[in-house]
1. Do any of 144/187; 105/189; 130/186; 53/130 go past 32 Å between their Cα atoms, and which?
2. Enter the Cα centre distance for the pair the stretch 63-95 and the stretch 107-130, rounded to the nearest angstrom.
3. Would you mind getting the accessible area per residue of the stretch 60-164, heavy atoms of the protein chains only, 1.4 Å probe, in Å²?
4. Between helix 181-190 and the chain, what is the angle of the helix's C-alpha long axis to the longest principal axis, kept within 0 to 90° and rounded to the nearest 10?
5. Taking a cut-off of 20 Å between Cα atoms, list the aspartates and glutamates near residue 84, but don't count ones fewer than 8 places away on the same chain.
6. Go ahead and estimate [θ] at 222 nm for the chain from helices alone: -39,500 (n - 2.57) per DSSP H run with n ≥ 4, summed, over the residue count, rounded to 500.
7. Counting only protein heavy atoms, what percent of the accessible surface of the stretch 105-167 is carbon or sulfur at a 1.4 Å probe?
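The values are calculated or read from the model by the stated rules, or taken from the named source; none is laboratory data. These numbers come from a predicted model, not from an experiment. Note: accessible area is taken over every heavy atom of the protein model, side chains too, but ligands, DNA and RNA are not part of it. Shrake-Rupley method; radii C 1.70, N 1.55, O 1.52, S 1.80 Å.
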Amino acid sequence: RTLRLLLAALVGAALTLGTLGTAWAGPATDLVKAKQVTLRELLKQNNAESAKKITAIFDQLLDYDVLAQGSLGSEWAARSDAEKAQFTDLLKQLVHRSYERNLKKTLRFEIEYVGEDEASGAVIVKTKAKSSDEREEPVELNYKLRQTDGNWRIEDIITEGVSLVGSYRSQFTRIVKKDGFPALIKKMKDK
């Protein structure tokens, strides 16, 4: 009888911990998951109305100001308010297109939410995109979010260990140092 009670207690504890493990993901993961599901459905619709909704979700989800400042790195402080605004607007367009393009590539993939990590006041939401074709390796996609004014916003997207902000910063810094800030703006407009 004692063994049966102990076994029942262990099973109950395991079920409770299993449920807590699922709920442990947290509000940042819940937000990313909900927005990704909505975005994927809208992308499948592929019409003008869905395009407007996608843009609105991106604007809610992505912290373009933080993305811009991080992407320009040490060059940010040297820019005027007008230059910062112009750069942020152009970056917003680039990030939007890049994010949408990457989402379209993963439409046939199953997205698995594998956990959350805290890092310097931010939360990293870890995901893996798995293809139904077992020969294809899963793609690791992580989202760095920070809560500001009660809202979670993405401030970086890390694909297979490569930071979107870091990649942009490397490219943009090289262009600014070689050809100047106006050349960077021109290249961004051309894209």
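1. Distance filter (> 32 Å) returns 130/186.
2. Each part's Cα centre sits 26 Å from the other's.
3. 55 Å²
4. 70 degrees
5. 59, 63, 65, 75, 155, 156, 179, 190
6. That calculation yields -20000 deg cm²/dmol at 222 nm.
7. 43 percent
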